[in-house]
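Remarks on the structure that follows.
The values are calculated or read from the model by the stated rules, or taken from the named source; none is laboratory data. Fair warning: this is a prediction, and the values are worked out from it, not measured in the lab. All Cβ positions, glycine included, derive from the backbone under ideal geometry; neighbour counts span all protein chains shown. The accessibility values were calculated without ligands, DNA or RNA, using every heavy atom of the protein model including side chains. Shrake-Rupley method; radii C 1.70, N 1.55, O 1.52, S 1.80 Å.
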Amino acid sequence: DSQRIDMLEDFLHLLVIALCERGNLAVPPQGEDQFDKILQHDIAHALCFKPLSFSDLNTRVTEKIADSDSFQRVLEDMTIFRAPEGMSDTGTFELKPEFIEIVDPYYAHYSRNHREEAENVHKKHMARKTGKSPEDIVFEPCLQSLKGSLFEDLPSVTKTRLFASLIAAALQYALSAKEVAPKLQATRVETFLHMVLHLSLVAVIEDDGADDDGF
C-alpha cells in the first residue's frame, strides 16, 4: 500500500511538472529575455529557504545556470548581499521578498519535505502581503502562456475525459484509503490528496469553459 500511494503521487507530480515547468517551452514576449526568467526561477528556488554563500548557491543550481554569463547580473538583481562579519565568515545572498512569489513548491527538484517547507515559506510571505492568516492562503501556480510556441496545446490534456477520470479515481482512492489500505497513515493520505487537489487547480486555471465535446 505504501509503495502504491508513492507511485501514484509521483505520477501525479510528473503531470504537474509537465504542465507547469514552462521555462524552456514558452515563447517570451517581445523585448524579454526568456533565459533571464529561467535564471530567476532556479535562483529563487535555491534561495527561498535561507541565505546562501556563492559557493553553496553554485551547488544548488544546474551547471548551465551557474556557468551562464548572466548569472551574476541576475543574482545581484534578485538578492541582498550580506558581507562577511569576520575573517572566517563568508558573505551570503538573501532572496528579496518579492521573488518568493515565483517559487513553486511543486518544483521538479524538490523532495516531499522541501515541497512542504517551500509552501510554508510562500504562505507566510503572502500572509504578510495580504494581511490574511497563513492557514487561509492557497498556493496558486502562475502558469506562463504557451501561446505561439510548439507546445501551445500541451494544456489541452486537462480538458480530456481521461484526465477527468484520473482525477476522479485519485479522489476516490483518497476518500476510501481507510478501508482499502488501513495500514496507511492518515498524514500520508493527506499529502497525496494535496497533490490531487493541486493538479485539479492547475486544470481549473487552464480551463477555458468548454471541453473538447463542447460541454
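I need the phi-derived Karplus couplings for the range 151-167: 6.51 cos²θ - 1.76 cosθ + 1.60, θ = phi - 60°, integer Hz, Gly and Pro marked x.
Using θ = phi - 60°, the values come out as 9, 4, 8, 3, x, 4, 4, 6, 9, 8, 5, 4, 5, 4, 5, 4, 4 Hz.
With every protein chain present, what is the per residue accessible area of the chain (1.4 Å probe, Å²)?
On the way: 13100 Å² over 215 residues.
So the chain comes to 61 Å² accessible per residue, rounded to a whole number.
Please report the equivalent ellipsoid semi-axes of the range 80-151, computed as sqrt(5 x eigenvalue) of the Cα gyration tensor, largest first, in whole Å. Walk me through the intermediate numbers first.
Values: eigenvalues 157, 73, 38 Å².
Square roots of five times the eigenvalues give 28, 19, 14 Å.
For the chain, which whole percent of the accessible surface, found with a 1.4 angstrom probe, sits on carbon and sulfur atoms?
Values: 7010 of 13100 Å².
Heavy-atom surface of the chain belonging to carbon and sulfur, 1.4 Å probe: 53 percent.
Give the long-range amide H neighbours of K96: residues separated by 5 or more places, or on another chain, with amide H under 5 Å away, using H modelled in the peptide plane at 1.01 Å from N.
Sorted by chain and number, the residues that satisfy this are T79, I80.
Go through the range 1-57 and name the GluC sites (Glu not before Pro) that are in a DSSP coil and have 12 or fewer other Cβ atoms within 10 Å of their Cβ. Please list the in-between numbers first.
Details: sites: E9, E21, E32; in loops: E21, E32.
Loop-located and lightly packed - E32.
Mean projection of the alpha-carbon convex hull of the range 1-99 over all orientations, in nm²?
Working: hull surface 36.6 nm².
Dividing the Cα hull surface by four gives the mean projection, 9.1 nm².
Quote the Stokes-Einstein diffusion coefficient, in whole µm² s⁻¹, for the range 86-215, based on the Kirkwood radius over alpha carbon pairs, a temperature of 37 °C and a viscosity of 0.692 mPa s. Show your work: numbers first, answer last.
Details: Rh = 17.8 Å.
It diffuses with D of about 185 µm²/s by this estimate.
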